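The structure appears right after this line, and notes come after that.
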Amino acid sequence: MKPSALITGASRGIGRAIARTLAQEGWPVCINYLERRDAAEELARELSNSGCRVLPYRADVADRNAVEAMVQAAAETIGPVELLVNNAGISQYGLFQEITDAEWNRILAVNLSGPRNTIQAALPHMIGEKRGNIINISSIWGLRGASCEAAYSSTKAAVIGLTRSLALELAPSNIRVNCIAPGCIETDMVRVLSAETRRMLVEQTPLGRLGTPEDIANAVLFLASKNTAFLTGQVLTADGGFIV
């Protein structure tokens, strides 16, 4: 059976664009979601009607057992996972001293333990076959930090550290691990900001616009390509020049 791609947090935003792009390039895709079943199934129907092989699957990436069941279901239904895109993430805006234990722990569970869970679930097959590709979605705020987003920025910095460490550890098994650090992208996280803040972000971006989910999906496609077979442990910053 042809190997598949698993994209976490794929019902909307960046994850949705990644799932659509990879499916259109011939990858069977597992569309992971947690809350937006309607959006995930809508995307699955769209892609299925285009001849793509897809599996929408509900799982909280912070739940190890749920993740293991998802990876197994993907292997049995559309093919073993050999391309893993860790996109699922949550954020919260507020002063550091006001964040509660529950809020802090949930952000770490999704943004950092989530990739840990999916990678550990997918690795046995990848190691056994001596091939695999893991792409983690971080953020420019994991590279430079963001005021009033300490928890989010901390987890995204940790994802970069995880990427680089695993790239070294898994290279002998011919498994590549890379990372994309998106800038200000036109998603729900940005749409909730005021018009003034959005205008300021555009002004601070040298290319003069917010990024689109498709911009990040194309970066994933680049790293998933055989043409980048010698790239591992890299952080590709896709931010329109925001932090140059």
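Here Gln72 and Phe222 are evaluated by their C-beta separation; at R0 = 30 Å the FRET efficiency comes out at 0.55. The label point for Gln204 and the one for Leu168, both projected 7 Å from the Cα toward the Cβ, are 3.2 nm apart. Summing charges over all other residues whose Cβ lies under 14 Å from the Cβ of Glu46, with Lys and Arg as +1 and Asp and Glu as -1, gives +2. Across the range 32-41, rounded Karplus estimates of 3J(HN,Hα) from the backbone phi angles (6.51 cos²θ - 1.76 cosθ + 1.60, θ = phi - 60°) give 7, 8, 10, 9, 8, 4, 4, 5, 5, 6 Hz, Gly and Pro being marked x. Is the range 87-244 best put as rounded, prolate or oblate by its Cα gyration tensor, with a ≥ b ≥ c the root eigenvalues, rounded for a/c under 1.5, and otherwise prolate when a/b is larger than b/c, oblate when not? In terms of gyration-tensor shape, oblate.
So, for the chain, what is the accessible surface per residue at a probe of 1.4 Å, expressed in square angstrom?
That works out to 48 Å² per residue.
Between the Cα long axis of helix 114-129 and the first principal axis of the chain there is an angle of about 30°, rounded to the nearest 10.
The calculated Kirkwood hydrodynamic radius for the range 10-155 is 16.0 Å, given to one decimal from all distinct C-alpha pairs. Each other residue within a Cβ distance under 12 Å of Leu170 adds +1 if Lys or Arg and -1 if Asp or Glu, for a net charge of +3.
Could you sort the peptides 115-122, 219-226 by per-residue average Cβ neighbour count (10 Å cutoff), highest mean leading?
Working: 115-122: 22.4, 219-226: 18.4.
Going by the mean number of other Cβ atoms within 10 Å, highest first, we get 115-122, 219-226.
Note on the range 150-200: Rg/Rh from C-alpha atoms, Kirkwood Rh, equals 1.18.
For the chain, the relative contact order comes to 19 percent (Cα pairs under 8 Å, sequence separation of at least 6). Heavy-atom surface analysis with a 1.4 Å probe gives the chain a carbon and sulfur content of 51 percent of its accessible area. Under the simplified labelling scheme, the Arg131-Ala146 pair shows an inter-label distance of 3.7 nm, with each label point 7 Å from Cα along Cα→Cβ. Share of pairwise Cα-Cα distances greater than 20 Å in the range 112-168 is 31 percent (whole percent).
Extension gain for Ala102 to Leu231 (0.36 nm times residue separation, less C-alpha to C-alpha distance): 42.7 nm. From the alpha carbon centroid of the range 166-180 to that of the range 4-60 is 24 Å.
The alpha-carbon of Lys226 sits under 26 angstrom from the alpha-carbons of these lysines, leaving out residues fewer than 8 places away in its chain: Lys2, Lys130.
Its residues counted as N, the range 151-244 yields a C-alpha radius of gyration over 2.2 N^0.38 Å of 1.23.
Hey, what number do you get for the chain at 222 nm if only DSSP H runs of n ≥ 4 count, each worth -39500 (n - 2.57), divided across all residues, to the nearest 500?
Taken over the chain, the calculation gives -14500 deg cm²/dmol.
The values are calculated or read from the model by the stated rules, or taken from the named source; none is laboratory data. The model shown is predicted, which means the values in this text are computed figures rather than measured ones. Please note: Cβ atoms are built from the backbone with ideal geometry, for glycine as well, and neighbour counts cover all protein chains shown. The accessibility values were calculated without ligands, DNA or RNA, using every heavy atom of the protein model including side chains. Shrake-Rupley method; radii C 1.70, N 1.55, O 1.52, S 1.80 Å.
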